[in-house]
Amino acid sequence: MRMLDDMDTILGAQAARRTDTAASTARALADGACAAAGIRLVPADDAAACERVLQVMGRIWGWERPQFETPVAVALAHGGNLIAVVETADGEPIGATMGMCGPPGRPFHSHIVGLLPAATGRGVGRAVKLAQRAWCLERGIETMTWTFDPLVARNAFFNIRRLGALPVEYLPDFYGPMTDAINAGQGSDRLLVEWDLTAAPPSATRPEPAVPGAATVVADVAGAASDYLPPHDDAPLALISVPGDIEGIRHDDPARAQRWREQTRRALGDLTSRGWTVDGLARRDRTGVQYVLRRREPQ
(Lines give C-alpha, C1' and ligand atoms only; values in the text may rest on other atoms or scores of the structure.)
Protein backbone atom coordinates (compact mmCIF):
# COMPACT_ATOMS: atom_id res chain seq x y z
CA MET A 1 0.00 0.00 0.00
CA ARG A 2 2.86 2.38 0.86
CA MET A 3 4.43 1.71 -2.56
CA LEU A 4 1.15 2.58 -4.32
CA ASP A 5 0.82 5.76 -2.28
CA ASP A 6 4.39 6.73 -3.19
CA MET A 7 3.69 6.06 -6.89
CA ASP A 8 0.56 8.22 -6.76
CA THR A 9 2.61 10.99 -5.18
CA ILE A 10 5.28 10.74 -7.86
CA LEU A 11 2.72 10.72 -10.70
CA GLY A 12 0.89 13.65 -9.15
CA ALA A 13 4.10 15.64 -8.88
CA GLN A 14 4.97 14.88 -12.50
CA ALA A 15 1.51 15.98 -13.66
CA ALA A 16 1.82 19.17 -11.64
CA ARG A 17 5.18 19.94 -13.24
CA ARG A 18 3.73 19.37 -16.72
CA THR A 19 0.83 21.67 -15.88
CA ASP A 20 3.17 24.37 -14.56
CA THR A 21 5.35 24.10 -17.66
CA ALA A 22 2.36 24.34 -20.00
CA ALA A 23 1.01 27.34 -18.11
CA SER A 24 4.34 29.18 -18.11
CA THR A 25 4.82 28.48 -21.83
CA ALA A 26 1.29 29.73 -22.52
CA ARG A 27 1.91 32.87 -20.46
CA ALA A 28 5.11 33.65 -22.34
CA LEU A 29 3.33 33.20 -25.67
CA ALA A 30 0.43 35.40 -24.56
CA ASP A 31 2.68 38.13 -23.17
CA GLY A 32 4.65 38.19 -26.42
CA ALA A 33 1.49 38.45 -28.51
CA CYS A 34 0.10 41.24 -26.32
CA ALA A 35 3.37 43.16 -26.53
CA ALA A 36 3.46 42.79 -30.32
CA ALA A 37 -0.15 44.01 -30.56
CA GLY A 38 0.51 46.87 -28.14
CA ILE A 39 -2.19 45.85 -25.66
CA ARG A 40 -2.71 44.50 -22.17
CA LEU A 41 -5.62 42.91 -20.33
CA VAL A 42 -6.57 44.69 -17.12
CA PRO A 43 -8.77 42.43 -14.93
CA ALA A 44 -11.71 44.13 -13.22
CA ASP A 45 -11.68 43.75 -9.45
CA ASP A 46 -14.19 46.33 -8.20
CA ALA A 47 -17.38 48.12 -9.22
CA ALA A 48 -15.62 50.99 -10.99
CA ALA A 49 -13.52 48.62 -13.08
CA CYS A 50 -16.54 46.48 -13.95
CA GLU A 51 -18.49 49.58 -14.99
CA ARG A 52 -15.59 50.46 -17.30
CA VAL A 53 -15.85 47.00 -18.88
CA LEU A 54 -19.58 47.48 -19.50
CA GLN A 55 -19.05 50.94 -20.98
CA VAL A 56 -16.58 49.56 -23.53
CA MET A 57 -18.96 46.72 -24.40
CA GLY A 58 -21.76 49.24 -24.89
CA ARG A 59 -19.61 51.17 -27.38
CA ILE A 60 -18.75 48.00 -29.31
CA TRP A 61 -22.28 46.59 -29.62
CA GLY A 62 -24.26 49.84 -29.60
CA TRP A 63 -26.26 48.89 -26.54
CA GLU A 64 -29.07 51.30 -25.75
CA ARG A 65 -28.91 49.92 -22.22
CA PRO A 66 -26.48 47.49 -20.58
CA GLN A 67 -27.19 43.83 -21.23
CA PHE A 68 -26.48 43.12 -17.56
CA GLU A 69 -25.92 45.26 -14.50
CA THR A 70 -22.62 46.20 -12.90
CA PRO A 71 -23.37 44.18 -9.71
CA VAL A 72 -23.56 41.00 -11.83
CA ALA A 73 -20.12 41.71 -13.29
CA VAL A 74 -18.78 42.47 -9.81
CA ALA A 75 -20.13 39.19 -8.45
CA LEU A 76 -18.62 37.23 -11.35
CA ALA A 77 -15.24 38.88 -10.92
CA HIS A 78 -15.28 38.36 -7.17
CA GLY A 79 -16.14 34.69 -7.76
CA GLY A 80 -12.87 34.17 -9.62
CA ASN A 81 -13.98 34.64 -13.21
CA LEU A 82 -12.11 36.60 -15.87
CA ILE A 83 -13.57 40.03 -16.62
CA ALA A 84 -11.17 42.53 -18.14
CA VAL A 85 -10.70 45.63 -20.23
CA VAL A 86 -8.38 45.44 -23.22
CA GLU A 87 -6.37 48.63 -23.35
CA THR A 88 -3.43 50.12 -25.21
CA ALA A 89 -0.10 50.83 -23.59
CA ASP A 90 -1.24 54.38 -22.81
CA GLY A 91 -4.43 53.19 -21.13
CA GLU A 92 -6.97 53.71 -23.91
CA PRO A 93 -9.75 51.08 -23.66
CA ILE A 94 -10.23 49.33 -27.01
CA GLY A 95 -12.03 46.15 -26.01
CA ALA A 96 -13.36 43.97 -23.24
CA THR A 97 -13.76 40.33 -22.32
CA MET A 98 -15.90 38.34 -19.93
CA GLY A 99 -15.80 34.62 -19.27
CA MET A 100 -17.02 32.18 -16.65
CA CYS A 101 -15.68 29.00 -15.09
CA GLY A 102 -18.02 26.03 -14.86
CA PRO A 103 -18.06 23.20 -12.33
CA PRO A 104 -14.80 21.22 -11.91
CA GLY A 105 -13.94 19.44 -15.13
CA ARG A 106 -16.05 21.75 -17.29
CA PRO A 107 -14.58 24.20 -19.82
CA PHE A 108 -14.02 27.89 -19.26
CA HIS A 109 -16.74 29.65 -21.27
CA SER A 110 -15.64 32.85 -22.97
CA HIS A 111 -18.99 34.63 -23.10
CA ILE A 112 -17.86 37.94 -24.60
CA VAL A 113 -14.77 39.17 -26.41
CA GLY A 114 -15.21 42.44 -28.26
CA LEU A 115 -12.98 45.04 -29.87
CA LEU A 116 -13.70 48.49 -31.21
CA PRO A 117 -13.44 48.59 -35.03
CA ALA A 118 -10.18 50.56 -34.99
CA ALA A 119 -8.51 47.79 -32.95
CA THR A 120 -9.20 44.93 -35.35
CA GLY A 121 -6.86 43.49 -37.95
CA ARG A 122 -3.53 43.87 -36.15
CA GLY A 123 -3.26 40.79 -33.99
CA VAL A 124 -5.25 42.10 -31.04
CA GLY A 125 -7.95 39.43 -31.18
CA ARG A 126 -5.45 36.58 -31.19
CA ALA A 127 -3.50 38.20 -28.35
CA VAL A 128 -6.66 38.42 -26.24
CA LYS A 129 -7.49 34.75 -26.85
CA LEU A 130 -3.93 33.71 -26.00
CA ALA A 131 -4.15 35.73 -22.77
CA GLN A 132 -7.40 33.95 -21.90
CA ARG A 133 -5.72 30.63 -22.67
CA ALA A 134 -2.81 31.38 -20.34
CA TRP A 135 -5.19 32.48 -17.57
CA CYS A 136 -7.06 29.17 -17.89
CA LEU A 137 -3.99 26.94 -17.92
CA GLU A 138 -2.63 28.73 -14.86
CA ARG A 139 -5.80 27.56 -13.10
CA GLY A 140 -5.73 24.01 -14.42
CA ILE A 141 -8.46 24.54 -17.04
CA GLU A 142 -7.65 22.75 -20.30
CA THR A 143 -10.64 23.53 -22.54
CA MET A 144 -12.35 26.77 -23.58
CA THR A 145 -15.70 27.20 -25.31
CA TRP A 146 -17.48 30.17 -26.84
CA THR A 147 -20.21 30.89 -29.33
CA PHE A 148 -20.25 32.90 -32.54
CA ASP A 149 -22.72 33.74 -35.26
CA PRO A 150 -22.06 31.20 -38.05
CA LEU A 151 -22.94 33.79 -40.69
CA VAL A 152 -20.04 36.10 -39.76
CA ALA A 153 -17.31 34.84 -42.08
CA ARG A 154 -14.37 36.67 -40.49
CA ASN A 155 -15.18 35.25 -37.06
CA ALA A 156 -15.54 31.75 -38.49
CA PHE A 157 -12.16 32.10 -40.21
CA PHE A 158 -10.49 33.45 -37.07
CA ASN A 159 -11.91 30.79 -34.76
CA ILE A 160 -11.37 27.77 -36.99
CA ARG A 161 -8.42 28.55 -39.23
CA ARG A 162 -6.46 30.97 -37.05
CA LEU A 163 -6.98 29.56 -33.54
CA GLY A 164 -7.73 25.94 -34.36
CA ALA A 165 -11.01 25.76 -32.42
CA LEU A 166 -13.75 23.57 -33.87
CA PRO A 167 -17.57 23.82 -33.72
CA VAL A 168 -19.16 21.10 -31.62
CA GLU A 169 -22.83 22.16 -31.49
CA TYR A 170 -25.34 24.22 -33.48
CA LEU A 171 -27.61 26.33 -31.26
CA PRO A 172 -30.67 27.86 -33.02
CA ASP A 173 -31.81 31.21 -31.60
CA PHE A 174 -29.59 30.53 -28.60
CA TYR A 175 -29.91 33.88 -26.82
CA GLY A 176 -33.48 34.60 -27.88
CA PRO A 177 -34.34 38.01 -29.41
CA MET A 178 -31.42 40.46 -29.32
CA THR A 179 -31.80 44.22 -29.61
CA ASP A 180 -28.25 45.55 -29.97
CA ALA A 181 -27.11 47.33 -33.11
CA ILE A 182 -25.27 44.28 -34.47
CA ASN A 183 -27.68 41.39 -33.84
CA ALA A 184 -31.20 42.84 -33.84
CA GLY A 185 -33.84 41.21 -35.99
CA GLN A 186 -31.98 38.20 -37.39
CA GLY A 187 -32.24 35.45 -34.79
CA SER A 188 -29.41 34.61 -32.42
CA ASP A 189 -28.28 31.30 -33.94
CA ARG A 190 -24.81 30.33 -32.77
CA LEU A 191 -22.12 27.72 -33.22
CA LEU A 192 -20.48 26.54 -30.02
CA VAL A 193 -16.76 26.01 -30.53
CA GLU A 194 -14.34 24.10 -28.34
CA TRP A 195 -10.64 24.95 -28.05
CA ASP A 196 -8.14 22.44 -26.68
CA LEU A 197 -5.86 24.65 -24.60
CA THR A 198 -3.25 21.93 -24.13
CA ALA A 199 -2.48 21.91 -27.86
CA ALA A 200 -0.02 24.48 -29.14
CA PRO A 201 -1.93 27.19 -31.02
CA PRO A 202 -1.08 27.34 -34.73
CA SER A 203 1.65 29.87 -35.44
CA ALA A 204 0.07 30.70 -38.79
CA THR A 205 -3.30 30.31 -40.47
CA ARG A 206 -4.13 26.65 -40.94
CA PRO A 207 -3.97 25.49 -44.57
CA GLU A 208 -6.98 25.24 -46.80
CA PRO A 209 -8.68 21.86 -46.30
CA ALA A 210 -8.95 19.51 -49.26
CA VAL A 211 -12.57 18.86 -50.24
CA PRO A 212 -12.63 16.03 -52.84
CA GLY A 213 -16.11 14.70 -53.52
CA ALA A 214 -17.76 17.42 -51.42
CA ALA A 215 -21.40 18.31 -52.01
CA THR A 216 -22.34 21.99 -51.82
CA VAL A 217 -25.57 21.92 -49.82
CA VAL A 218 -26.00 25.71 -49.50
CA ALA A 219 -24.49 27.79 -52.29
CA ASP A 220 -24.01 31.52 -52.80
CA VAL A 221 -26.06 32.40 -55.89
CA ALA A 222 -25.33 35.99 -56.88
CA GLY A 223 -25.08 36.98 -53.22
CA ALA A 224 -28.16 35.06 -52.05
CA ALA A 225 -28.42 31.70 -50.30
CA SER A 226 -29.63 28.76 -52.35
CA ASP A 227 -32.15 26.32 -50.94
CA TYR A 228 -30.59 23.73 -48.67
CA LEU A 229 -30.04 20.53 -50.66
CA PRO A 230 -29.16 17.57 -48.41
CA PRO A 231 -26.09 15.62 -49.57
CA HIS A 232 -26.38 12.25 -51.25
CA ASP A 233 -25.74 9.21 -49.11
CA ASP A 234 -22.31 8.63 -50.68
CA ALA A 235 -21.01 12.20 -50.21
CA PRO A 236 -18.11 12.20 -47.72
CA LEU A 237 -18.10 15.98 -47.26
CA ALA A 238 -20.66 18.78 -47.35
CA LEU A 239 -20.04 22.48 -47.95
CA ILE A 240 -22.21 25.27 -46.51
CA SER A 241 -21.53 28.72 -47.95
CA VAL A 242 -21.83 31.94 -45.98
CA PRO A 243 -21.41 35.46 -47.39
CA GLY A 244 -18.40 37.62 -46.85
CA ASP A 245 -20.26 40.56 -45.29
CA ILE A 246 -23.49 39.52 -43.58
CA GLU A 247 -23.52 42.78 -41.57
CA GLY A 248 -23.65 44.80 -44.77
CA ILE A 249 -26.41 42.57 -46.14
CA ARG A 250 -28.41 42.97 -42.91
CA HIS A 251 -28.17 46.73 -43.28
CA ASP A 252 -28.95 46.91 -47.00
CA ASP A 253 -31.28 43.93 -47.55
CA PRO A 254 -32.72 42.38 -44.36
CA ALA A 255 -34.84 39.90 -46.32
CA ARG A 256 -31.76 38.49 -48.07
CA ALA A 257 -29.95 38.30 -44.75
CA GLN A 258 -32.90 36.44 -43.25
CA ARG A 259 -32.78 33.93 -46.09
CA TRP A 260 -29.11 33.27 -45.31
CA ARG A 261 -30.12 32.58 -41.72
CA GLU A 262 -32.96 30.27 -42.70
CA GLN A 263 -31.01 28.14 -45.16
CA THR A 264 -27.83 27.82 -43.09
CA ARG A 265 -29.99 26.98 -40.06
CA ARG A 266 -31.67 24.20 -42.03
CA ALA A 267 -28.33 22.86 -43.25
CA LEU A 268 -26.30 23.07 -40.04
CA GLY A 269 -29.20 21.94 -37.89
CA ASP A 270 -30.02 18.95 -40.07
CA LEU A 271 -26.47 17.73 -40.68
CA THR A 272 -25.18 18.13 -37.14
CA SER A 273 -28.27 16.37 -35.79
CA ARG A 274 -27.44 13.44 -38.08
CA GLY A 275 -23.86 13.10 -36.90
CA TRP A 276 -21.98 15.30 -39.36
CA THR A 277 -19.20 17.37 -37.79
CA VAL A 278 -17.60 20.65 -38.85
CA ASP A 279 -14.13 19.62 -39.93
CA GLY A 280 -12.76 22.92 -41.18
CA LEU A 281 -13.34 26.05 -43.21
CA ALA A 282 -12.56 26.75 -46.85
CA ARG A 283 -12.28 30.07 -48.62
CA ARG A 284 -14.99 30.38 -51.26
CA ASP A 285 -13.70 33.62 -52.77
CA ARG A 286 -11.93 36.73 -51.48
CA THR A 287 -14.31 37.14 -48.55
CA GLY A 288 -16.91 34.38 -48.35
CA VAL A 289 -16.23 31.02 -46.75
CA GLN A 290 -17.66 27.51 -46.70
CA TYR A 291 -18.01 25.27 -43.68
CA VAL A 292 -16.59 21.84 -44.40
CA LEU A 293 -18.63 19.11 -42.73
CA ARG A 294 -17.56 15.48 -42.62
CA ARG A 295 -19.83 12.51 -42.33
CA ARG A 296 -19.06 10.71 -39.09
CA GLU A 297 -18.23 7.06 -39.63
CA PRO A 298 -20.42 4.56 -37.75
CA GLN A 299 -18.77 3.23 -34.60
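Could you tell me which residue of the range 271-293 is nearest to the chain's Cα centre (by Cα), considering only residues that are crowded, with 16+ Cβ neighbours inside 10 Å and among the charged types (D, E, K, R)?
So, considering only residues that are crowded, with 16+ Cβ neighbours inside 10 Å and among the charged types (D, E, K, R), the one nearest to the chain's Cα centre (by Cα) is 279.
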- Qualifying position, being closer than 24 Å to residue 198 by Cβ and of a type in the set (D, E, K, R), among 40, 65, 52, 27: 27
- For the range 111-122, state whether one or more residues are under 26 Å from residue 207 (Cβ atoms), at pLDDT 95 or above, outside the structural domain of residue 240 (by TED's automatic domain parsing) and in a loop (DSSP other than H, G, I, E, B). no
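Would you point out which residue out of 71, 66, 150 is of a type outside the set (Val, Ile, Thr), more than 12 Å from the chain's Cα centre (by Cα) and in a loop (DSSP other than H, G, I, E, B)?
On inspection, the qualifying residue turns out to be 66.
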- Message: Being touching a residue at least 40 places away in the same chain (Cβ under 8 Å), aliphatic (A, V, I, L, M) and either in a loop (DSSP other than H, G, I, E, B) or within 30 Å of residue 59 (Cβ to Cβ) (or both): is that true of residue 193 here?
- Response: yes
- Hey, residue 265 of a type in the set (Lys, Arg), under 16 Å from residue 172 (Cβ atoms) and in contact (Cβ under 8 Å) with a residue 60 or more places away in the chain or not: yes
- Item | Filter pass, residue 77 being closer than 30 Å to residue 266 by Cβ, of a type in the set (A, V, I, L, M, F, W, C), touching a strand residue (DSSP E or B) at 6+ places or on another chain (Cβ under 8 Å) and assigned to a helix (DSSP H, G or I) | no
- Query: Do we find a residue being free of Cβ contacts under 8 Å to residues at least 40 places away in the same chain and within 15 Å of residue 152 (Cα to Cα) anywhere in the range 271-288?
  - Reply: no
- Tally the residues that are in a loop (DSSP other than H, G, I, E, B) and either exposed (fewer than 13 other Cβ atoms within 10 Å of the Cβ) or touching a Phe, Trp or Tyr at 6+ places or on another chain (Cβ under 8 Å) (or both), restricting the search to the range 206-262. 10
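The values are calculated or read from the model by the stated rules, or taken from the named source; none is laboratory data. Everything numeric here is computed off the predicted structure, so don't read it as measured data. For neighbour counting, all protein chains shown are included, and Cβ atoms are generated from backbone atoms with ideal geometry for every residue, glycine included.
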